Amino acid sequence: MSTTYADTAPAFAGTQAAACRHCGEPCPPGALFCCTGCTAAFEIIDGLGLDLYYQRRQLDPTQRPPRPQQQQRYDLQSHIRTRPDGASELLLTVDGVQCGACVWLIEQMLGREPGIVVARVNMTTCRLRLVWQPEAGSAERLVDLVERLGYRLVPFGAERQATETDRTERALVRALAVAGFAAGNVMLLSIGIWAGLTEGMGPATRSLLHWVSALLALPAIAYAGQPFFRSAWHALSHRRTNMDVPISVGVLLVTSLSLVETINGSTHTYFDSAVTLLFFLLIGRVLDQRARGRARETVSRFLALRGGDVAVIAEDGTLLRRQQREVAPGDNVLVGMGERIGVDGVVAHGETLLDTSLVTGEIAPEPAKPGGRVFAGMVNLGPAITITTRATGSATLLAEMARLIEAAEDRRGRHVALADRVARWYTPVVHTAALLTCLAWIATGLPVGEALLIASAVLIITCPCALALAVPAAQVIATGELLRQGILLKSGTALERLAEIDMVVFDKTGTLTEPDLSLVGAPPPDDLRIAASLAAASRHPLTRALVASTGGAMPADGVIEHQGEGLSRMAADGETRLGSAAFIGADAAADTLAGLWLRRPGHTPVHFAFAETARPDAPVVIALLRAMGLSIRLLSGDREGPVHRIAAQLGIDDWQSGCLPKVKLASIEALAQAGHKVLMVGDGLNDAPCLAAAHASMSPASAADLSQTTADLVFQGRALSPVLRAIAVARSTRAVMRQNIALAVVYNILAMPVAASGLVTPWLAAAAMSGSSLLVMANSLRLRGQRAG
Amino acid sequence: MNVILWLIIASLSVAGGGLAVFLWSLRAGQYEDLKGASERILYDE
């Protein structure tokens, strides 16, 4: 980065050491700060005596520097909750928290404001909880205080959903704690009982220990077993069976049998087996819930940070920031240059070019005129336009997509998880074996009571502890491994499905190509440098692309952003302007309406054009996918020219252009009917139905909201290699799952005859069960730290 | 015999106390921000 920077900005070459005292980015020679925002932030921090922040902080160079930027305004009022004591409460997602010092700074600064009751940042979830009394002022003021330091705050909308997952996770951890407590203590008592068998313990002592075990185990099982009992009951009431059915039957049977034995004062009880089984299984459940909860939370945080508000024009002409869902049909909405359109509607005023790639997959900008229809997700590349929101309902594109997705999901049917497939034959086999054992012993003349006891031993020894752990143990470790590599796994069975695929279908725009446009041609370096110094003050897609093409630039002083038009900067020799053709007063032809124009005093206007480029590692990834035995197809909504160009560049000979969403969907379904298991990788709104219909699906984190919600996996970053890695991890996970199941089944096959011949004692059952569970977990741990390939 | 009874009661109350403390800390939200907790200790005033 620094070399390109030096190339394009010779004036600052050799001054790399001069870093801004606030954000740490390079700044002009002799200056302490890179921009006015940073100067102001430093003054605030210094004025409050919080300089310790600068000594303590550790800036992560891969993350966004804490440079204050012009922020998008969010509507906060609808998220504020008033508490009974009159205080207001607001939850916000904080972007830019990098280390403990950031947390300290935000909390200290807010804590010094009068009227703040609670200001606490959760570093794990990057959330700020604010509670304040009316004298602290408005929520906007408090948010602004933090944003001036260089953070971004977005109201956290998904309170209800988040508390729901929190509650399930907490209930599981509570169950785990209770089961662990009971398992440890019952096992301790059991060791005493087993030792007593050879050391000559009296029946009264043994009975006492059995009763104490029962008192511990019964309430613990009743409490900690609930997640399994509920799930088993749910499956049975729908005439299905899952792994929780044999677990529940086993646990309940073992417990009631042991209770009867305790009452009768006999030698053997199995309370320890029952409780340990629940304890092991709950470990798997908690880890599973945690891993997937974290993945989902990260996705929702992305979406929250990206989804802006909509600027609604009120009747008196003022602009109101509203949330997307609160915009009523008929409202007029202003969309500035570089802004993403938030509603479906019709253009009321203004002419512009729209980047429709996320909606149609077509890269060439489409002109928009008054009366033309526009859809949420398009980006305005030209001057500001006003849009009249259309009646929300079945007519919108989004609703149409949602209908297609629903239909596609119906047709795909429910994928039956590996564990449930095993459970389907496991349950009847084990239960029949137990029944046959019982009948066989009765036939040999054993009393019915004793025959029942032996039959129960069969059920206990085959209790599917290792089997039930086989899949989740591997899955949890694989999920964590993927998460570390920036791949978010959202669906429980996605890894199993991903391992089965034999074909990959790619979308082009935003999937094989970079999500952001890049500068084409080689404009004069001087113009580029000046344009970049203006552009750095803005966060619109085109200005960002311009800055990125220079390898980074620092914003010039005194840049004024004209909402939806461009940027300007006054200097001694006149005004420099960067923006749309109309804004700088260029007489532009229709084909140069898109892109940015720069006018410097005394120079002719310069046009910067932007185009898409393939992701840097795309050719390698495509070749490696082929080497894995997968066939590749490219389905794009774009015109033939660009699709052919990218296909040729990446060596894909099976491609199709100009696909409407319905055509894409039909193509995926035809492949499925021909027996292919397809992985769909796409980002556009038009890909969403395909993502739902395909055997497995992936989306980049830059994808349309609906696509990210639909896809099984979401990957971050510029590279395409996560597709490769996810498939590799899925395949090795499937191998480990199969080994685990084989281990568990072999163990059961070996143990069943021993149990059926009536030789199993409680200590043998407990040892065998723990041993097989530990074996399965150890085998799953092999997935850890494994790289692609 | 009596000794065993007392020992069981004593050990179970110790373990039960531990369980109660854990459930309390879970309810009090002490596990919600493990990453932050490890940093916060350095900034205590």
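Overview of results
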{"read-out": "Inter-site label distance for A:LEU215 and A:ARG731 at 7 Å from Cα along Cβ, in nm", "value": "5.8 nm"}
{"read-out": "Rough spin-label spacing in nm, given labels placed 7 Å along Cα→Cβ, for A:GLU640 and A:ARG167", "value": "5.8 nm"}
{"read-out": "A:GLU351/A:LEU319 FRET efficiency (R0 25 Å; Cβ-Cβ; nearest 0.05)", "value": "0.75"}
{"read-out": "Difference of contour (0.36 nm per residue) and Cα-Cα distance, A:ARG129 to A:MET628", "value": "174.9 nm"}
{"read-out": "Modelled FRET efficiency - R0 35 Å, A:LEU750 with A:ARG784, Cβ distances, 0.05 increments", "value": "0.80"}
{"read-out": "Least to most buried among B:ASP33, A:ASP355 (fewest other Cβ within 10 Å first)", "value": "B:ASP33, A:ASP355"}
{"read-out": "For A:185-197, mean number of other protein chain Cβ atoms within 10 Å", "value": "1"}
{"read-out": "Ranked A:VAL245, A:VAL754, A:VAL471, criterion: other C-beta atoms within 10 Å, fewest first", "value": "A:VAL754, A:VAL245, A:VAL471"}
{"read-out": "Modelled FRET efficiency - R0 25 Å, A:GLN485 with A:VAL286, Cβ distances, 0.05 increments", "value": "0.65"}
{"read-out": "Proximal lysines to A:LYS664, defined as alpha-carbon separation beneath 26 angstrom and excluding residues fewer than eight positions away on the same chain", "value": "A:LYS490, A:LYS508, A:LYS677"}
{"read-out": "For segment A:612-648 versus segment A:720-789, the gap between their alpha-carbon centres in whole angstrom", "value": "38 Å"}
{"read-out": "Proxy reagent accessibility, fewest Cβ within 10 Å first, across A:CYS659, A:CYS438, A:CYS99", "value": "A:CYS99, A:CYS438, A:CYS659"}
{"read-out": "On Cα atoms only, tilt of A:397-412 relative to the major axis of chain A in degrees", "value": "30 degrees"}
{"read-out": "Point-to-point label distance, A:ALA31-A:GLU450, nm (Cα→Cβ direction, 7 Å offset)", "value": "9.4 nm"}
{"read-out": "Span from the segment A:41-112 Cα centroid across to the segment A:235-293 one, whole angstrom", "value": "47 Å"}
{"read-out": "Expected-Rg normalisation [2.2 N^0.38 Å, Cα atoms] applied to chain A", "value": "1.14"}
{"read-out": "Potential extension, A:ARG141-A:ASN264 segment - 0.36 nm per residue separation minus Cα distance", "value": "37.0 nm"}
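Since every read-out is calculated from the coordinates, none of them should be taken as a lab result. Keep in mind that what you see is a predicted model, and the values were worked out from it rather than measured. Ideal geometry is used to build each Cβ from the backbone, glycine not excepted, and the neighbour counts take in all protein chains shown.
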